Each structure stands twice: as C-alpha cells, then as structure tokens.
1. Give the residues of region 286-298 that are surrounded by 20 or more Cβ atoms within 10 Å (Cβ to Cβ) and within 12 Å of ligand 2 (Cβ to nearest atom), sorted by residue number.
2. Could you identify the single residue in Ala266, Ala206, Ala230 that is over 22 Å from Trp188 (Cα atoms), open to solvent by 20 Å² or more (accessible area, probe 1.4 Å) and more than 12 Å from ligand 2 (Cβ to nearest atom)?
3. Considering only region 318-326, I want to know if a residue exists there that is touching a helix residue (DSSP H, G or I) at 6+ places or on another chain (Cβ under 7 Å), open to solvent by less than 60 Å² (accessible area, probe 1.4 Å), touching a residue at least 40 places away in the same chain (Cβ under 8 Å) and within 20 Å of Ala195 (Cβ to Cβ).
4. Within the set of pairs 6+ apart or on separate chains, which have a first residue in region 226-253 that is farther than 13 Å from Leu284 by Cα, a second that is within 16 Å of ligand 1 (Cβ to nearest atom) and not in a loop (DSSP other than H, G, I, E, B), and C-beta atoms under 6 Å apart?
5. Of all residues being within 14 Å of ligand 2 (Cβ to nearest atom) and part of a loop (DSSP other than H, G, I, E, B) in region 299-314, which is surrounded by the fewest Cβ atoms within 10 Å (Cβ to Cβ)? Just the residue, please.
6. Name every residue in region 206-240 that is under 16 Å from the mean Cα position of the chain (by Cα) and in a loop (DSSP other than H, G, I, E, B), in order of residue number.
7. Under the condition of being more than 17 Å from the chain's Cα centre (by Cα) and not charged (D, E, K, R), which residue from region 104-119 is surrounded by the most Cβ atoms within 10 Å (Cβ to Cβ)?
8. Tell me, which residue of region 125-145 that is touching a residue at least 12 places away in the same chain (Cβ under 8 Å) and over 21 Å from Ser21 (Cα atoms) is surrounded by the fewest Cβ atoms within 10 Å (Cβ to Cβ)?
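The values are calculated or read from the model by the stated rules, or taken from the named source; none is laboratory data. If you're wondering where the values come from, they're calculated on a predicted model, not measured in any experiment. Positions of Cβ are backbone-derived with ideal geometry, glycine not excepted, and every protein chain shown enters the neighbour counts. For accessibility, only protein heavy atoms count, side chains too; no ligands or nucleic acids. Shrake-Rupley method; radii C 1.70, N 1.55, O 1.52, S 1.80 Å.
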Amino acid sequence: MTLPSPPMSLLAELTHRCPLSCPYCSNPLELERKAAELDTAGWRSVLEQAAELGVLQVHFSGGEPMARPDLVELVALARKLNLYSNLITSGVLLDEAKLEALDKAGLDHIQLSFQDVTEAGAERIGGLKGAQARKIAAARLIRASGIPMTLNFVVHRENVARIPEMFALARELGAGRVEIAHTQYYGWGLKNRDALLPSREQLQDATRAVETERAKGGLSIDYVTPDYHADRPKPCMGGWGQRFVNVTPSGRVLPCHAAEIIPDVAFPNVQDRTLSDIWNCSPLFNMFRGTDWMPEPCRSCARKEQDWGGCRCQALALTGNAANTDPVCSLSPFHDRVEKAVAEASEKPELVYRRF
Ligand code: SF4
Ligand code: FES
C-alpha cells in the first residue's frame with residue numbers, strides 16, 4: 001500500500017474555552033469541556049508523534065490557547081522538536097510576563113485576531129467589554145518583543161467597509177502581515193449567515209481596498225474571499241487529508257476543524273491510536289482523499305486536482321451529502337442554493353452569539 005505524504009501542518013486546538021463569543025466561531029456546535037481536554041502529557045505525545053510523522057509546523061489554537069497553563073511548555077517542546085510554532089490568539093489574556101515566557105520558549109510567530117477596528121464594532125462581535133484595548137496593548141507588546149506578527153481581521157457585512165482602517169491599524173502596530181478573511185459559513189457561522197454575508201457590491205469595494213493597499217507595498221496581505229460570491233470553490237484545507245491535521249481539545253483527529261458534522265463515521269482519537277495510523281489508515285482521512293471518491297461533474301473536470309472538489313463540510317451543510325460537489329461551484333447541480341442564500345441575506349441583522 002502506498003502511504004499518503006505526511007501532513008505539513010498540525011492545528012492543535014488546545015481548548016475550546018474562550019472569553020469571546022463571536023457569532024462566526026469556527027469551532028463545532030458542541031464545544032468540548034475543560035474536563036475532557038488532553039492533559040499536558042497527552043499534548044506532548046501529540047507533538048512528538050507529529051514531528052515523527054513529518055509535520056513541519058504547529059499552530060496552537062483554540063478557543064483561546066492562552067487559557068492553557070501548559071502553553072509555554074508545549075511551545076518549548078515544539079522548538080526542541082524543530083516544529084515551527086505559531087500561536088493563534090485573541091490577545092486578551094496576553095501580558096508582558098506571559099509573552100516573555102513564550103518568547104524564551106522559542107515561539108516563532110503570533111497571529112493576533114481582531115474583530116474590528118472600532119471598539120463598538122469589536123465589542124458587538126466579540127461580546128467582551130474592553131477587548132479592543134487589550135488587543136491593541138497585546139499587539140504593542142508583541143511588536144516590542146520582535147516576534148513576527150500577523151493581524152487577522154474577519155470581515156463581514158457589518159465591518160467590511162472598514163478594511164482601509166484595518167490596514168492603517170496594522171501599519172501603526174507594526175504588523176508584518178495582515179490577513180483579511182471573509183467569514184466562512186460552517187458551524188456557528190452558518191447560523192448567522194444571513195446577518196453576516198456581504199453584498200456583491202460590498203465584496204467589490206473590499207477587493208478594491210485590498211488591491212489599493214497591496215499597491216502601496218511594505219505589508220504582506222492575505223485575502224480570503226467569501227465562497228458564496230465565487231463560481232469555483234477553494235481547495236479547502238489544501239485537499240482532504242493532504243496537508244493538514246487537526247487535533248481537538250479531547251484528542252479527536254480530524255482533516256478539518258468542521259469535520260465532526262460528517263455523519264456515520266468514527267472520529268479517531270490519539271488516546272486510542274497513533275497519529276500516524278490515523279493519518280495513513282483511518283476511514284475518516286481516506287474518505288475524501290485524492291479524487292477517486294468524486295462524483296460528476298468533478299470526476300471529469302480539469303480542475304479536480306486544483307480545488308479537490310471544494311469543501312466537504314460546505315457540501316454537507318448545503319446539500320445534505322458531504323460527497324457532493326461543493327455547491328459554490330457553478331457546475332454543481334445545487335449551485336442555486338448558494339445563489340438563493342446570497343439573494344436572501346438580510347439587511348437587518350440579529351446575531352446569534354456563541355457562549356461557552
Ligand atoms: Fe472544482 Fe468540481 Fe467544480 Fe470542477 S466541478 S471546478 S473539480 S468543484
Ligand atoms: Fe471541512 Fe472544508 S471545512 S472540508
């Protein structure tokens with residue numbers, strides 16, 4: 001049997017606990033409780049197995065990974081194992097002492113998330129009073145430490161017009177890179193899709209704002225466009241079971257953060273099987289790997305090894321079958337469902353918040 005290539009990145013979701021309550025949270029609808037989380041020895045074993053498997057990068061994520069008291073120890077282990085380490089954080093729990101400890105442990109990069117540029121906008125989405133000031137303070141500390149920093153802004157109908165101000169804030173705070181990511185509509189985000197989905201005109205303005213900023217130079221910009229306005233899907237996760245492996249707080253191993261919605265499949269756990277065995281041999285990881293599983297129109301499409309048929313979780317959420325072509329694709333027989341969602345997006349949003 002030919003084994004698949006090893007994953008490039010491990011997303012270590014250390015905890016689902018989080019002080020924010022964003023209505024587009026990408027974590028599953030059922031959050032895992034603190035008591036179910038892997039302990040430090042469990043996460044150490046995940047990192048060791050990942051390095052042995054050939055993983056190059058670890059992204060410490062959540063929830064809010066800084067809620068875990070063993071984060072510094074895990075970063076230090078990642079460094080020892082030659083894993084590039086990235087901390088994905090809201091920054092609201094970061095202070096000088098914690099940052100210094102992370103720096104000493106060898107943290108390579110921090111991705112700091114912002115909900116908006118205005119205090120009111122940030123509090124409306126994140127639901128935490130005073131969060132914006134804490135994030136700005138965190139950004140200044142990170143900048144002073146010299147750890148490379150990316151600012152991440154999730155954009156949607158309510159804040160998409162403020163993209164130019166987001167770039168201005170990133171330059172003021174000395175970020176080397178900015179990610180402007182349109183909301184993705186899985187899990188909790190799907191509940192708020194009608195309130196958050198931008199109009200086509202808003203998207204065009206946003207894309208122009210990104211191009212204008214790119215032309216100025218001096219800032220690396222990643223721009224994640226919203227699927228719903230596209231006519232070809234993105235290669236979600238770089239293809240199912242091809243580049244990324246996610247480990248949930250309790251040790252379940254998934255090809256993407258949303259995969260637990262896939263029905264009738266066992267979700268393997270690092271407490272029962274090795275990471276390598278799960279990656280190489282589990283039915284979950286082999287379910288949509290490569291192109292053999294594809295239905296038409298993907299099966300005979302020239303793009304099938306570029307976008308790998310799009311997103312399995314989106315196909316499931318919108319068509320009821322994860323093995324269907326992603327309905328974002330205009331060749332999908334279900335593409336009208338995406339067009340209908342765009343047409344029905346509401347001007348008067350009532351947000352449904354996520355609370356832990
Ligand atoms: Fe991609 Fe399938 Fe659409 Fe072709 S038919 S562009 S492979 S989603
Ligand atoms: Fe699961 Fe795209 S989010 S495959």
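1. Phe288
2. Ala266
3. Taking every residue of region 318-326 in turn, none turns out to be touching a helix residue (DSSP H, G or I) at 6+ places or on another chain (Cβ under 7 Å), open to solvent by less than 60 Å² (accessible area, probe 1.4 Å), touching a residue at least 40 places away in the same chain (Cβ under 8 Å) and within 20 Å of Ala195 (Cβ to Cβ).
4. Here the result reads Tyr228/Val338; Pro233/Asp307; Pro235/Asp307; Phe244/Met237, each pair linking region 226-253 to a residue that is within 16 Å of ligand 1 (Cβ to nearest atom) and not in a loop (DSSP other than H, G, I, E, B).
5. Start the filter on region 299-314 by keeping residues that are within 14 Å of ligand 2 (Cβ to nearest atom), which leaves 307-314.
Checking the rest, the ones that are also part of a loop (DSSP other than H, G, I, E, B) come to 308-311.
Details: Trp308: 26, Gly309: 29, Gly310: 24, Cys311: 26.
Going through the qualifying residues, I end up with Gly310.
6. Thr225, Pro226, Lys234, Pro235, Gly239, Trp240
7. Leu107
8. The residue in question is Arg140.
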